[in-house]
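Report on the following structure.
The values are calculated or read from the model by the stated rules, or taken from the named source; none is laboratory data. Predicted model, so just to flag it, every value in this text is computed and none were measured. Heads up, the Cβs are rebuilt from the backbone with ideal geometry, glycines too, and the neighbour counts pull from every protein chain shown. In case anyone asks, the SASA skips ligands and DNA or RNA and just uses the protein heavy atoms, side chains included. Shrake-Rupley method; radii C 1.70, N 1.55, O 1.52, S 1.80 Å.
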Amino acid sequence: MLRSMPLLKGLQARTLELLAQEATRLRYEREEIVFRRGSVPTGLFFVLEGSIKLLALEPDGREKVIELFTEKRFFGEIGVFRLSRYRAWTQAVRSTELLHVPSDALRQAVREDHELSLRMLSEVSGRVQALIESISQTAPLLAYKRVAAYLIEQDGIGDVQPGWVHLAAPKYTIASMLNMSSEALSRALRKLRDAGMIEGGGRTIRILDYKGLSALLNT
């Protein structure tokens, strides 16, 4: 299972042995907490099946979805390397299976395998960049433009073909991540459908006019 994770593909056998030595499979049901805000990090989590949402509190006390971790992605590394308690928490979007690698094993593998260190640095840097772009997009843009940007970002991700988007979580979760209400998300999707840019009303959406969606972001 570790060998199938994109982060770990092609790494030396010694590294995989270190990570697998005390790794355990964990199962979480919908809305079940994986780790809580203020808890001590225990290790790195790989998503085998399902999806996990990373949550934080907004100033008014509401929950805010920061990021979604879908199959074959990992999370929990910040606390492991910073040796600090978590400042956010994670929750299963639906029935989800994880692979947990203990902190000591992960740190030892990173010390020994520089390739793993570079891969983790690249992945985390990419997440920071994505969050910066997300903040810059969601603050000033109209709702339908935020949704257009999100659909472009998610195009072809996972097991779907290019030109298709499968929402990794219910619409209210996606809406929270895009800093809007569920009603605003539904209106934005309807606006894009009426404009002939997308089709589909459930969790699977087909992009009909990619250039049109992209043009929205420049108007």
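Here are some notes:
- Cross-chain or 6+ apart pairs with Cβ under 9 Å, the range 198-219 first and free of Cβ contacts under 8 Å to residues at least 12 places away in the same chain, then among the aromatic types (F, W, Y): G200/W164
- Some residue of the range 101-121 being touching a residue at least 12 places away in the same chain (Cβ under 8 Å), hydrophobic (A, V, I, L, M, F, W, C), in a strand (DSSP E or B) and surrounded by 13 or more Cβ atoms within 10 Å (Cβ to Cβ): yes
- Filter result for the condition that a residue is within 30 Å of F81 (Cβ to Cβ) and β-branched (V, I, T), over V110, V147: V110
- Listed by first and then second residue, the pairs linking a residue in the range 182-197 that is touching a residue at least 12 places away in the same chain (Cβ under 8 Å) and farther than 17 Å from K211 by Cβ to a residue that is open to solvent by less than 60 Å² (accessible area, probe 1.4 Å) and not in a helix (DSSP H, G or I), with Cβ atoms under 8 Å apart and 6 or more places separating them unless they lie on different chains, are L185/L178; A188/M180; L189/I198; L189/G201; L189/I205.
- Residue pairs whose Cβ atoms lie under 8 Å apart, separated by 6 or more positions or on different chains, with the first residue in the range 149-165 and of a type outside the set (K, R) and modelled with pLDDT of 85 or more and the second in a loop (DSSP other than H, G, I, E, B) and loosely packed, with under 13 Cβ neighbours inside 10 Å, are D155/P162; D155/G163.
- Remark: pairs (first residue in the range 63-92, closer than 13 Å to G38 by Cβ; second residue of a type in the set (S, T, Y) and surrounded by fewer than 18 Cβ atoms within 10 Å (Cβ to Cβ); Cβ separation under 8 Å; 6+ apart in sequence or on different chains) = R85/S39; Y86/S39; W89/S39.
- Single match in G126, G156, G163 (criterion: out of contact with any helix residue (DSSP H, G or I) (no Cβ under 9 Å at 6 or more places or on another chain) and open to solvent by less than 30 Å² (accessible area, probe 1.4 Å)): G156
- The set of residues in the range 66-84 being among the charged types (D, E, K, R) and part of a loop (DSSP other than H, G, I, E, B) consists of E71, K72, R73.
- In the range 188-215, the residues that are in contact with a helix residue (DSSP H, G or I) (Cβ under 7 Å, 6 or more places away or on another chain), of a type in the set (D, E, K, R) and in a helix (DSSP H, G or I): K191
- When the range 194-216 is filtered for residues that are over 22 Å from G158 (Cβ atoms) and open to solvent by 60 Å² or more (accessible area, probe 1.4 Å), the ones remaining, listed by number, are D194, A195, K211.
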